[in-house]
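Take a look at the structure set out below.
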Amino acid sequence: MKTKGFALLVLLFLLTAYTAGAEELWYPQMPEEMPVISIETMDGSNHFADAYMRDHKLQGLIHYVDALITVEGTDVQAEKAQVKARGNYTLEYPQKSIRIKFENKQSMLGLNEGQAYKSWVLLAEWKDLSRLHSPIGLFLAKNIVGTDSYYCTDYCFVHLYLNGDYRGVYLLVEQQEVNPGRVEITEPEAESKEKHIGYFMEYDAYFAEEAALPQGDPVFEVYHSGMEGEQYGYTVKSDMTDAAQLRFLRSYMTRVYRICYSAIRENKFYVFNADYTALVPVENMTAQEAIGQAIDLRSLVDMYILHEIVCNPDAGWSSFYLSVDFGESGNKKLTFQAPWDFDSCFGIRSGYESNQGRYALYAANPWFQLIAGQPWFTDMVKERWAELKAMELPEKTLELIGAYGNAYNDDFDRNFERWPQRIREGNHELIEELNQYTNHRQAADYLYRWLDARFEYLDQKWQ
C-alpha cells in the first residue's frame, strides 16, 4: 500500500510536469487528505438517500428535505440547505447520488475558482468499480471542451457522512445549470415572453417521462431526417416563462437540423432570416459554411473528440447538452457544451467493450451521425487533435489514473468496506471480466490499458 507521503510526492511530480511540459493543460484539485462533507437532516433520517427508487421519481414522490451541511476545514459550517436523491436509472442502485440546494450561495472546496452557487451534486458512481471514470472523463472534458471556453464542471473527491453514518466516497461536481461561471447564456426577465433569450437543453431519452412529472421540465421533439436508430426528444434545462418560447425553440432546432441535412444530403444551402423564424436559400456556399453559420462547429468538434475517446454509450441516450443564446451578447449558434455522465464509458458496458473503431461517429446521436463523417469535419478533428497532443493530453490522462490510485487507494478501499455488495454482487450491465474483479485497483488497471489502446487507435485515425 502506498503511503500518503509517497502519494503527495507523486502529485507534486505530476503537477511540475503539467506546468513545465504543457502550460495550457488544466488539472484537478487533489488534496492529500480527501475532504469530508457531512449532511445532517432536520428529522435525523437517511430515508431520502435510502428509500427511493426510479418508480418513486416517476410518481413525483422524491422531494427535497431540510438539512445542515458542513464541509470540514472550510467556511461551510452547518449551512442551511435542502437535499434529495437524484438521477434516473442510478436511483436503482443502493448508493445514490444526491442533489444539494443551499439556502445561500456557497463556495465548495474552491471548485470553479471558488465561485459560490446554491446548487451542487454528489455523484455516487456505483457502477464504476475503479471510481475513476468521471474524474478521468471530466479531466479529458476540461482539457478538450473547457480549454475552448465552453462550460465543463469542476470536481473533487469527498467522503460523505449522513447523520453521522459513513456513506462512502462521492464525487462533488457542479449542477448543470445556467449561471455565471457555469452555462453562461441570456436569462429571461421574470414573466417575460421575449423569445430571443438563452436556452439550455439536453438530448434526452427520458424526455417523455420528464414531461409526465408533476413539475417536470419543458420538452419538445425534432424529427432528425435520415437518422439511423431510435430518436428522442429534448428537455429544456433553462428557465422559460411562456409557451411561445418553447414553440420558438422547437422551430429553431428543427431549422438548424434542416440546414445541416440540406447542406450535406441535398447540396442545398440555407441561412436564417433576421429573427431566426425562417430559412432563406442562398447560392455559392459550401456545406461547412452553411452549417457553420448555424452551429458553433468548434464546440461540436470538441464534444465529438471527447465522446469518441471515451466511447460513451449515453451519447445518443441522455446527458448530451446543447445551448443557444439569442441575447445581445450571444453568438446565436447552436453550441455543444457541459459534458456529463461518464460512468458507462471506457469499455465497461457489455456490448461496448471494444477500444477499436469510431464509436461516436455511428452512435445514435443525430448531430454526430449527420455531421461527424464529413471530410471537412474530419479535417477539423485532426487539427484539434494535434493541438491536444501538443498539450500532452493522452500521456497526462494516463498518468492521472496512477496518481489518483496512489493518492486515494485507502479511501477507495474504505468506500467498498461500506458497500461490499458492489464487489460481491457485481453489476449486470458490465462485461464479465469486470465482474470478476475484487477491488478498485484491478478496475483502474483495466481503465488504463483500455484507454492507452484507445488513444493509440485514434491517433492513427487522426494523424
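Please state which one of Ala386, Ala390, Ala444, Ala403 is crowded, with 18+ Cβ neighbours inside 10 Å, under 24 Å from Glu308 (Cβ atoms) and at pLDDT 95 or above.
Selected residue: Ala444, the only one of Ala386, Ala390, Ala444, Ala403 that is crowded, with 18+ Cβ neighbours inside 10 Å, under 24 Å from Glu308 (Cβ atoms) and at pLDDT 95 or above.
Within segment 359-377, can you find the residues that are touching a helix residue (DSSP H, G or I) at 6+ places or on another chain (Cβ under 9 Å) and either of a type in the set (A, V, I, L, M) or more than 24 Å from Ser344 (Cβ to Cβ) (or both)?
Ala360, Leu361, Ala363, Ala364, Leu370, Ile371, Ala372, Gln374, Trp376, Phe377
Residues are listed down the side, and each one gets a yes or a no for (1) in a strand (DSSP E or B); (2) within 22 Å of the chain's Cα centre (by Cα); (3) closer than 29 Å to Gln215 by Cα; (4) among the β-branched types (Val, Ile, Thr):
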{"residue": "His63", "(1), (2), (3), (4)": "no, no, yes, no"}
{"residue": "Ala67", "(1), (2), (3), (4)": "yes, no, yes, no"}
{"residue": "Ala85", "(1), (2), (3), (4)": "yes, yes, yes, no"}
{"residue": "Leu109", "(1), (2), (3), (4)": "no, yes, no, no"}
{"residue": "Ser119", "(1), (2), (3), (4)": "yes, yes, yes, no"}
{"residue": "Trp126", "(1), (2), (3), (4)": "no, yes, yes, no"}
{"residue": "Ser130", "(1), (2), (3), (4)": "no, yes, no, no"}
{"residue": "Leu138", "(1), (2), (3), (4)": "no, yes, no, no"}
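Yes or no: segment 387-399 includes at least one residue that is in contact (Cβ under 8 Å) with a residue 40 or more places away in the chain, under 19 Å from Ile348 (Cα atoms) and not aromatic (Phe, Trp, Tyr).
Yes, that holds for at least one residue.
Based on this model, can you work out whether Glu209 counts as more than 19 Å from Leu322 (Cα to Cα), free of Cβ contacts under 8 Å to residues at least 24 places away in the same chain and either assigned to a loop (DSSP other than H, G, I, E, B) or among the acidic types (Asp, Glu) (or both)?
no
What pairs come out if I take residues in segment 271-290 that are on the phi < 0 side of the Ramachandran plot and pair them with residues that are among the aromatic types (Phe, Trp, Tyr) and part of a helix (DSSP H, G or I) whose C-beta lies under 6 Å away, six or more apart or interchain?
Gln288/Trp376
Which condition does Arg255 not pass, out of (1) over 31 Å from the mean Cα position of the chain (by Cα); (2) under 29 Å from Asp148 (Cα atoms); (3) without any contact (Cβ under 8 Å) to a residue 40 or more places away in the chain, if it passes all the others?
Result: Arg255 passes all but (1).
Can you name every residue in segment 313-331 that is in contact (Cβ under 8 Å) with a residue 60 or more places away in the chain and not hydroxyl-bearing (Ser, Thr, Tyr)?
Scanning segment 313-331 gives Gly316, Trp317, Phe320, Leu322, Val324, Asp325, Phe326, Gly327, Glu328, Gly330.
So for segment 304-320 (the condition being aliphatic (A, V, I, L, M) and outside any helix (DSSP H, G or I)), does at least one residue qualify?
no
So is Arg422 assigned to a helix (DSSP H, G or I), surrounded by 18 or more Cβ atoms within 10 Å (Cβ to Cβ) and touching a Cys at 6+ places or on another chain (Cβ under 8 Å) or not?
Judged against the criteria, Arg422 is not a match.
Mind listing whichever residues of segment 83-110 are in contact with a Lys or Arg (Cβ under 6 Å, 6 or more places away or on another chain) and either in contact (Cβ under 8 Å) with a residue 40 or more places away in the chain or closer than 13 Å to Gln175 by Cβ (or both)?
Passing the criteria: Lys84, Arg86, Ser97, Arg99, Lys101, Phe102, Lys105.
Say we look at segment 161-190 and pick out the residues that are among the aliphatic types (A, V, I, L, M) and closer than 20 Å to Thr241 by Cα; which of these is surrounded by the fewest Cβ atoms within 10 Å (Cβ to Cβ)?
Here the answer is Ala190.
The values are calculated or read from the model by the stated rules, or taken from the named source; none is laboratory data. Because the structure is predicted, anything quoted here is derived from the model rather than measured. Glycine gets a Cβ as well: all are built from the backbone with ideal geometry, and neighbour counts include every protein chain shown.
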